[in-house]
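Have a look at the structure below, then the notes.
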Amino acid sequence: GGIGLIQSPTARFSNDGEFAFGISTEIPWNRLYSKVQFFPWLEVVLRYTEGTYKPYQPGMTQTWKDKGIDLKVRLSEEGDRLPALAFGITDFGGTGAFASEYIVANKRFNNLDFTLGIGWGRLGGTNSLSNPLKWLSNFFTTGEGSGLGGQLNLGRLFSDEEPSIFGGIEYYTPISNLSVKLEYDSSDYAGVSGLETHINRTGDLWDYDSRFNFAANYRFNIFQRDKIDLQIGYLRGNTV
């Protein structure tokens, strides 16, 4: 629902005051989302996710559901030499099923927009780094209180011992309003944080054949200020 590549966020933002809503499907998740650019430096996303792989409660026929709130804050705008920089918190309330924290930078060269970031939580699935914040305080390595249903929980923020690097490229093609994307996906697909919800590996549901995702995005300009984006991607080397 937020401005990003495919599974990874970027340091890009919408125009001030822009509102967007949409739907997405990616087995085993279906999502409704809305996004508001409250200020030029603040993006807020609300998400409602259905997980088709498990019941809402044991013995129920209703599928699992989860609500989430994402925040992204601009730290600096892109300059001639320095990249744009942003900080974000994903799914910071409730169960924390998709919870992550990240710092990400973007730099554009002509028609190529490069993204590079470091992610904790769900974005820390490749364990490629030692947590740089542990030198500041042990608070960032305890991971206390990882996701309480219906409660705001700050104890888990930046608490992974080993965060991961993510990134990618978006190429704006000569065809107007068409871009293609390539990303290195550091997401953790083995499970989710939270006391109330935990995904168990079942068969090949969580297998991935590649950490590289591909997608194409086309924007229809309906009116001067109204637009529709359609995107299709190939994820994990096995999922459309």
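Below are the figures for this structure:
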| quantity | calculated |
| --- | --- |
| Test: residue in the stretch 67-81 that is within 24 Å of Arg225 (Cβ to Cβ) and open to solvent by 80 Å² or more (accessible area, probe 1.4 Å) | yes |
| Flag if Asp160 is in a loop (DSSP other than H, G, I, E, B), under 19 Å from Ile89 (Cα atoms) and at pLDDT 60 or above | no |
| So Trp64, is it more than 28 Å from Asn106 (Cα to Cα) and in contact with a Lys or Arg (Cβ under 6 Å, 6 or more places away or on another chain) | yes |
| The stretch 222-240 residues that are of a type in the set (Ser, Thr, Tyr), paired with ones that are surrounded by 13 or more Cβ atoms within 10 Å (Cβ to Cβ) (beta carbon under 8 Å, 6 or more apart) | Tyr234/Asn213; Tyr234/Phe214; Tyr234/Ala215; Thr239/Glu26 |
| Breaking point among (1) open to solvent by 60 Å² or more (accessible area, probe 1.4 Å); (2) within 20 Å of Phe39 (Cα to Cα); (3) touching a residue at least 12 places away in the same chain (Cβ under 8 Å), for Leu112 | (2) |
| Residues being open to solvent by less than 60 Å² (accessible area, probe 1.4 Å), under 22 Å from Lys107 (Cβ atoms) and in a loop (DSSP other than H, G, I, E, B) - total across the stretch 1-39 | 11 |
| Residue that is part of a strand (DSSP E or B), closer than 23 Å to Tyr48 by Cβ and either at pLDDT 90 or above or in contact with a helix residue (DSSP H, G or I) (Cβ under 6 Å, 6 or more places away or on another chain) (or both), where the choices are Ile118, Ile103, Ile89, Ile165 | Ile89 |
| Filter result (under 24 Å from Glu162 (Cβ atoms) and open to solvent by 10 Å² or more (accessible area, probe 1.4 Å)) within the stretch 84-97 | Leu85, Phe87, Ile89, Thr90, Phe92, Thr95 |
| Residue within the stretch 40-57 that is modelled with pLDDT of 95 or more, surrounded by fewer than 15 Cβ atoms within 10 Å (Cβ to Cβ) and among the hydrophobic types (A, V, I, L, M, F, W, C) present | yes |
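The values are calculated or read from the model by the stated rules, or taken from the named source; none is laboratory data. Just so it is clear, the model here is predicted, and its values are computed rather than measured. Backbone-built Cβ (ideal geometry, glycine too); neighbour counts: all protein chains shown. Heads up: the accessible areas ignore ligands, DNA and RNA and are worked out on the full protein's heavy atoms, side chains in. Shrake-Rupley method; radii C 1.70, N 1.55, O 1.52, S 1.80 Å.
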